[in-house]
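Please read the structure below before turning to the comments.
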Amino acid sequence: MAILEVENLGKSFGHLEVLKDISFSLDQGKVLSVIGSSGSGKTTLLRCITSLERADKGVIRVNGETVFDASSPKKESAAEERRKQLAVGLVFQNFNLFPQYTAIRNVTLAAELALRDKPDYKQNKKKYLAETREKGMELLKKVGLAEKADSYPWQLSGGQQQRVSIARALCMNPSILFFDEPTSALDPELTGEILKVIRQLTLVHMTMVIVTHEMSFARDVSDEILFMNQGVIEERGAPEQIFSAPKSVRLREFINKFND
Amino acid sequence: MTFWQITLFLLDGFKISVLIFFVTLIVGLPLGLPIAMCSMSKFKPLKAAAKVFVWVIRGVPLMLQIFIIYYVPGLVFHYQLFGQVDKYLLLNYGIEDAGRILAVLIAFAINYACYFSEIYRGGIESISVGQYEAGKVLGMMKSQVFFRVVLLQVVKRIVPPMSNEIITLIKDTALANCIMVAEVIKQANTLAATKALIWPLFYTGVFYLIFVGVLSILFNRVEKKLDFFRG
Ligand SMILES: Nc1ncnc2c1ncn2[C@@H]1O[C@H](COP(=O)(O)OP(=O)(O)OP(=O)(O)O)[C@@H](O)[C@H]1O
Ligand SMILES: [Mg+2]
């Protein structure tokens with residue numbers, strides 16, 4: 001079943017048409033990697049799906065629910081918007097951890113704040129907060145940082161910060177987790193630890209969309225690859241096909257550049 | 001006059017300086033916030049108005065602003081507001097200089113609110129959009145992002161410029177002199193005029209130095225308190 005459906009998505013910045021009629025869908029538990037040269041619109045695509053940017057055209061559905069419809073004029077309530085927001089998670093290229101909080105608080109802060117929406121929050125506050133903390137610790141353990149729970153971001157390496165930010169995104173239980181070049185702000189020797197965490201997530205069938213320049217990793221971990229070029233999906237297919245038998249000229253050029 | 005008597009006499013003036021200092025902070029610190037909000041507003045006319053206001057207030061000497069506040073009611077409305085307040089409080093309560101001090105307080109509060117607003121604005125604008133975006137994708141409300149994520153980072157960034165500004169403030173209180181408010185330097189001048197004593201004028205510096213010293217220690221503490229994180 002398609003967990004993510006994107007239909008006819010379009011986005012312009014002024015006169016620059018960055019996304020042109022993008023349509024694709026993604027099944028539950030699948031991993032999709034988005035590749036393409038700089039400026040092809042990969043980040044913009046992720047930002048539109050995660051509501052950081054408002055698309056001009058198109059529809060986005062997650063779990064069958066319409067989370068975005070450019071043609072729908074009605075403005076949703078802030079609470080409704082937040083609920084839909086939580087269907088998707090996003091891991092940023094430069095982590096964007098909250099510097100004044102320890103690793104564990106970074107992971108749990110948003111979840112703690114979301115608890116307040118529960119009707120019985122006041123009565124069971126202690127229990128809920130304890131549960132959230134436990135969940136946060138578990139996630140930190142999963143990304144291999146249990147012993148760094150009380151460290152502040154500045155005390156962590158880039159790779160560790162990025163792993164905290166992955167745990168932070170997971171703590172909100174997103175249906176789909178998006179990554180925008182999660183390793184490109186890291187020293188090459190630190191990319192491995194992030195890729196390892198992502199690989200682990202594939203084992204538990206986390207649905208993921210990964211924008212990346214790590215071609216061998218994309219090939220290795222993805223169920224499908226989407227090649228973007230100048231705002232359109234130029235080619236889409238299984239990793240073997242994309243990397244071994246690319247159809248479009250552009251994709252062939254793009255892949256050759258990486259093989260050099 | 002003994003040294004002790006002179007000290008007490010000057011201290012009487014320094015109380016006024018300190019009064020101006022604290023009232024300016026109490027009014028100016030919060031007043032700076034709405035001005036900062038306006039100068040960051042997406043509504044262009046409001047933003048422009050705020051920017052022009054801040055530009056004028058920062059572009060004109062504070063001393064001139066004190067004169068304007070003090071004399072304008074009399075010149076424009078033919079009512080010497082501050083003179084009347086002076087007279088009223090002196091006759092009824094025996095409080096001296098109250099109207100003049102009030103004029104100084106108004107000028108100081110507005111002036112410093114503008115300086116503070118620029119510091120707030122700089123602090124808020126220096127926070128990366130990534131912080132807001134991270135909060136948003138995690139489903140936080142806008143107010144939660146501001147109070148839980150952004151605010152403390154802003155505070156950390158504005159402490160150094162704020163401490164500079166606040167240290168300048170205590171020294172600026174000497175400007176109240178220009179409309180004959182009996183702050184510490186005015187008191188020293190009185191001694192010079194009536195007792196032919198010059199040294200108390202230099203002695204006033206000690207009062208400022210002690211006050212600034214205490215402020216510096218306080219700000220240092222705050223900076224240390226916020227040292228636990230970077231960013
Ligand atoms: N906020 C914006 N305002 C104006 N133009 C923008 C904005 N964001 C992106 N663009 C432009 O849109 C185009 C696509 O940008 P985008 O960041 O989506 O590319 P990308 O595929 O992620 O590239 P990269 O691999 O370098 O990250 C670029 O030409 C970029 O300059
Ligand atoms: Mg990008």
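The values are calculated or read from the model by the stated rules, or taken from the named source; none is laboratory data. Treat the numbers as computed from the prediction; the structure is a model and nothing was measured. Neighbour counts are summed over all protein chains in view; Cβ atoms, including those assigned to glycine, are modelled from backbone coordinates with ideal geometry.
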For this session: Considering each of B:158, B:119, B:124, B:170 in turn, give the residue that is in contact with a Pro (Cβ under 9 Å, 6 or more places away or on another chain), among the aliphatic types (A, V, I, L, M) and in a helix (DSSP H, G or I).
Result: B:119
Exercise. Taking the stretch A:240-249, which residues are crowded, with 19+ Cβ neighbours inside 10 Å and part of a helix (DSSP H, G or I)?
Worked result: A:242, A:243
Exercise. When you scan the stretch A:203-230, how many residues do you find that are more than 14 Å from every other protein chain (Cβ to nearest Cβ), among the aliphatic types (A, V, I, L, M) and within 15 Å of ligand 1 (Cβ to nearest atom)?
Worked result: 7
Exercise. Does any residue of the stretch A:144-157 turn out to be within 19 Å of the chain's Cα centre (by Cα), more than 9 Å from chain B (Cβ to nearest Cβ) and not charged (D, E, K, R)?
Worked result: no
Exercise. Counting just the residues of the stretch A:33-49 that are hydroxyl-bearing (Ser, Thr, Tyr) and in a helix (DSSP H, G or I), which one comes out nearest to ligand 2 (Cβ to nearest atom)?
Worked result: A:43
For this session: For the stretch A:88-139, name all the residues that are closer than 30 Å to residue A:187 by Cβ, more than 16 Å from ligand 2 (Cβ to nearest atom) and either of a type in the set (A, V, I, L, M) or touching a residue at least 60 places away in the same chain (Cβ under 8 Å) (or both).
Result: A:88, A:89, A:97, A:103, A:104, A:106, A:107, A:108, A:109, A:110, A:137, A:139
Exercise. What are the pairs, 6+ residues apart or on separate chains, where a residue within the stretch B:209-230 that is assigned to a helix (DSSP H, G or I) has its Cβ under 6 Å from a residue that is at pLDDT 95 or above and among the basic types (Lys, Arg)?
Worked result: B:226/B:156
Exercise. Got a sec? Which helices (runs of 4 or more DSSP H) wholly within the stretch A:134-231 have at least 2 residues that are closer than 20 Å to residue A:105 by Cβ?
Worked result: A:158-170
Problem set entry | Test for residue A:62: is it within 14 Å of another protein chain (Cβ to nearest Cβ), surrounded by 20 or more Cβ atoms within 10 Å (Cβ to Cβ) and out of contact with any Cys (no Cβ under 8 Å at 6 or more places or on another chain) | yes
Problem set entry | the stretch A:183-202 - residue that is within 16 Å of ligand 2 (Cβ to nearest atom) and away from chain B (no Cβ under 14 Å) and, of those, farthest from the chain's Cα centre (by Cα) | A:186
Exercise. Has the stretch A:18-25 got at least one residue that is more than 13 Å from ligand 1 (Cβ to nearest atom) and within 14 Å of chain B (Cβ to nearest Cβ)?
Worked result: no
